[in-house]
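Shown next, in structure tokens, is the structure this report addresses.
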Amino acid sequence: MQARTLELYRQLDLTAAALALGYRVPALNFWVEGQRKAHVPFAQIGAALTPYGPLTLPQDQHERLLCERLQSLGVAVERPVELLDFDEQGDAVLARLRSAHDREQSCRVRYLAGCDGASSRVRAGLNIGFSGGTYQQLFYVADIEGSGPAMDGELHIDLDEADFLAVFPIRGPGYARLVGTLRGARAERPERLQFADVSGRAIQQLQIRDIRVHWFSTYRVHHRIADQFRCGRILLLGDAAHVHSPAGGQGMNTGIGDAVNLAWKLAAVLDASAARKSSVAARLLDTYEGERQAFARRLVASTDRGFTLATAEGPLAHLARTRLVPLVVPALFRLPGVRQYLFSTVSQLTLNYRSSPLSTGSVGELHGGDRLPWVAGLTGNAADQAADNYDSLRALDWQVHIYGSAQPALRSFCATQGLAVHEFPWRESCADVGLAQHALYLVRPDGYLSLACSRQDTARLHAHLRHWGIAAGAAGITPSSAGPAQPR
């Protein structure tokens, strides 16, 4: 789990439970020729950017956490249920389902979200292309217990071979997930492979001993993006919309980002008042595909380049992995700017929606569409120095942020709109993350800036609110009777 996912989970009151269940990864190590050549500690890398760092959390525990939270909200996840087919019919979608004991039933819904994986039946049913390709390597994964220097609770990557091998810590020292690749003859018959066939390198190069295998599997990895993320009332997200190399640990986090982006927009569209003005509602929902597909394209391209470079064959590639990387990476991580940039990129803190029509304005280096920067210690209360500007995001609603003093005219206008204004005392730490004193920031329900304005310009804010039909309450939108107006 990356830092940005934990920030989003905090809005849903899930982060504390995830941190309690998971394991915080303390450092990254690079190995060459059976020796640890580089050690990169994660501690304090992102301390000024986010309260969180990389976290490993087994999928079964993660799913259980989500299902239990849904159940506490009165929502039951039904298993096993299979989608047989579906048909969009005017203002609804009719889905045919098959549950236990081959019992079939029809379900009529306003929208259908296809979160059904790389072999998505929803995507296939829409005849949406899945452009890209398949890596020639066969991937394997093994959950193990063991001992040795690479089982110390840190992340380890072996750079010797063209085949990839990484050790991800699970639940601390002694427990790990091995992720590796194979090519050639062994990759041609994956059904015959066992852990013993691939364990030699982990044992010899990373010195893992006393191995006890709990689970072993092989799989093929694709790098593909759906040609569309939306077709009428049917939407795609997660692996149904994009798949890529596991390099960088981005897959699940990107799917969760899709879900968060879509959820608040669907909540707005399904609001009773929004339903009566479908044109405004549809305009908001239209931004889902543009925002998430653009990010997916950048992500698939970057993970593909990174994985290709890490697994390239030939003497030059071998020289780069075994000689240059162990020298260059630690040196780069000693530079604060580089260290923060790399951490921010992998943690998805730099993900932005600047090109979205929902984003406008800029103040300094911050633009509409950027993630709201995190700032700690804003209360000025010595007993509560940990308080930060992210507490307000638990409202899951549109809100205005002012770092400095909010003018009476702005407060009065926002009160008429039912829009919360959060005023934070100005600190030097605000400027450090790019915020400007007394500037106006309109924050979306998912914590991204929709409008950034150097002045507390109520006319500009009003135009933006009217155009998007934004009102307070459950991420809702209320179309204006005066009709939409273009933001300045």
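Each value in this text was obtained by applying a stated rule to the coordinates, not by laboratory testing. Being a predicted model, the structure only gives us computed values, none of them experimental. When we count neighbours, we look across all protein chains shown, and the Cβ atoms used for this are built from the backbone with ideal geometry, even at glycine.
How high is the FRET efficiency from Ala431 to Leu21, r the C-beta distance, R0 30 Å, rounded to 0.05?
0.25
Rounded, prolate or oblate: pick one for the range 187-230, where a ≥ b ≥ c are the square roots of the eigenvalues of its C-alpha gyration tensor, a/c under 1.5 means rounded, and failing that, prolate if a/b is larger than b/c, else oblate.
prolate
Which GluC sites (Glu not before Pro) from the range 74-183 combine a DSSP loop assignment with at most 15 other Cβ atoms within 10 Å?
Glu78
Tell me whether the chain comes out rounded, prolate or oblate; compute the Cα gyration tensor, take square roots of the eigenvalues as a ≥ b ≥ c, and use a/c under 1.5 as the rounded threshold.
Judged from the Cα gyration tensor, the chain comes out oblate (a/c at least 1.5, b/c at or above a/b).
In degrees between 0 and 90, to the nearest 10, how far off the longest principal axis of the chain does helix 336-346 point, with axes built from Cα atoms?
90
With angles folded into 0 to 90 degrees, how steeply does helix 251-269 sit against the dominant principal axis of the chain? Use alpha carbons for both and round to 10.
20
Sort Thr458, Thr416, Thr322 so the one with the fewest other Cβ atoms within 10 Å of its own Cβ comes first.
Least crowded to most crowded, the residues run Thr416, Thr322, Thr458.
Counting helices only, and only those DSSP H runs with n ≥ 4, report the 222 nm mean residue ellipticity of the chain as the sum of -39,500 (n - 2.57) divided by its residues, in deg cm²/dmol to the nearest 500.
Computed ellipticity for the chain at 222 nm equals -9500 deg cm²/dmol.
Neighbour counts of other C-beta atoms within 10 Å: give me Val40, Val400 arranged from fewest to most.
Val40, Val400
In what order do Tyr219, Tyr441 fall by count of nearby beta-carbon atoms within 10 Å, going from fewest to most?
Tyr219, Tyr441
Taking Cα pairs under 8 Å and at least six residues apart, what relative contact order does the range 213-259 come out at, in percent?
35
With a cut-off of at most 10 other beta carbons within 10 Å, and DSSP calling the residue loop, which chymotrypsin sites (Phe, Trp or Tyr not before Pro) in the range 20-56 qualify? Please list them.
Hits after loop and neighbour filter: nothing returned.
Which loop trypsin sites (Lys or Arg not before Pro) in the range 290-339, with loop taken from DSSP, have no more than 10 other Cβ atoms within 10 angstrom of their Cβ?
Listed in order of number, the matching sites are Arg334.
What distance in nm lies between label points placed 7 Å from Cα along the C-beta direction at Leu319 and Ser119?
4.5
Using modelled backbone amide H atoms (1.01 Å from N, in-plane), which distant-in-sequence or interchain residues come within less than 5 Å of Glu154's amide H?
The answer is none.
Using bins 10 angstrom wide from zero, how does P(r) for the range 362-468 break down, in % of all Cα pairs?
The percentages, shortest bin first, are 15, 52, 29, 4, 0.
Which residues in the range 111-133 have a backbone N closer than 20 Å to a point placed 7 Å from the Cα of Leu70 along the Cα-to-Cβ line?
Counting only backbone N, you get 111-123.
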